[in-house]
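The values are calculated or read from the model by the stated rules, or taken from the named source; none is laboratory data. Worth saying up front: this structure is predicted, and the values here are computed from it rather than measured. We place every Cβ from the backbone using ideal geometry, glycine too, and count neighbours over all the protein chains shown.
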Amino acid sequence: MIERLNKLARVEAEAEFLKCCGSVKWAEEMASARPFEDFQELLVKADSTWWGLDEIDWLEAFSHHPKIGERKAALAQDAQARAWSSEEQSGTRKSSEELLTEMAELNHSYERKFGYIYIVCASGKTTEEMLENLRERLRNDPQTEIRIAAEEQRKITQLRLKKLLESLETE
């Protein structure tokens with residue numbers, strides 16, 4: 001599994017890592033950190049690299065996600081990353097128009113307050129759970145919220161690294 005990732009050309013590895021996290025700097029550092037011994041080492045390196053980045057890199061990563069309940073990210077996403085986002089947000093598919101409208105309104109309030117999209121590791125969460133989380137997070141100050149958002153991105157990245165290795169295995 002990890003062997004295929006280790007053997008990719010640097011530019012290919014960076015492109016694969018960008019599917020997991022939209023920070024170019026993170027993807028470059030991850031590609032440079034290869035080879036990885038195993039999946040656990042990959043996850044540890046992903047975390048340490050993520051937390052070593054600047055806020056501007058976090059914001060870049062956030063911008064590569066569609067808003068919860070929407071289909072399109074602010075910045076272009078690779079087809080596989082789009083599919084992963086759609087799968088992760090599957091909890092919103094069967095939501096009422098009323099809930100989706102409220103989500104859109106609160107997303108807008110969040111973006112106005114913090115200057116970036118509301119990001120949450122949506123896997124396994126219902127629209128109602130995400131709305132509750134969003135309402136709570138709107139009460140945060142900017143310094144607290146950026147760290148929470150960064151932690152949510154970290155969780156998403158971890159899930160996507162697993163998906164990436166699975167996809168490389170089936171190629």
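Set side by side, the residues Glu87, Glu111, Glu70 differ, and just one is under 19 Å from Leu134 (Cα atoms), at pLDDT below 90 and acidic (Asp, Glu), which is Glu70. Ser96 meets each of the listed conditions (1) of a type in the set (Gly, Ala, Ser); (2) modelled with pLDDT of 65 or more; (3) under 20 Å from Lys125 (Cβ atoms); (4) under 16 Å from the mean Cα position of the chain (by Cα) apart from (4).
Inspection of segment 14-33 identifies no residue that is charged (D, E, K, R), surrounded by 16 or more Cβ atoms within 10 Å (Cβ to Cβ), in a loop (DSSP other than H, G, I, E, B) and in contact with a helix residue (DSSP H, G or I) (Cβ under 6 Å, 6 or more places away or on another chain). Among what's in segment 97-139 and is assigned to a loop (DSSP other than H, G, I, E, B) and among the hydrophobic types (A, V, I, L, M, F, W, C), pick the residue that is nearest to Arg160 (Cα to Cα). The extreme case among them is Cys121.
Residues Gln143, Gln158: which one is at pLDDT 95 or above, part of a helix (DSSP H, G or I), under 19 Å from the mean Cα position of the chain (by Cα) and within 20 Å of Trp51 (Cα to Cα)? Let's see the steps before the verdict.
Numbers: Gln143 fails: under 19 Å from the mean Cα position of the chain (by Cα).
Residue meeting the stated conditions: Gln158.
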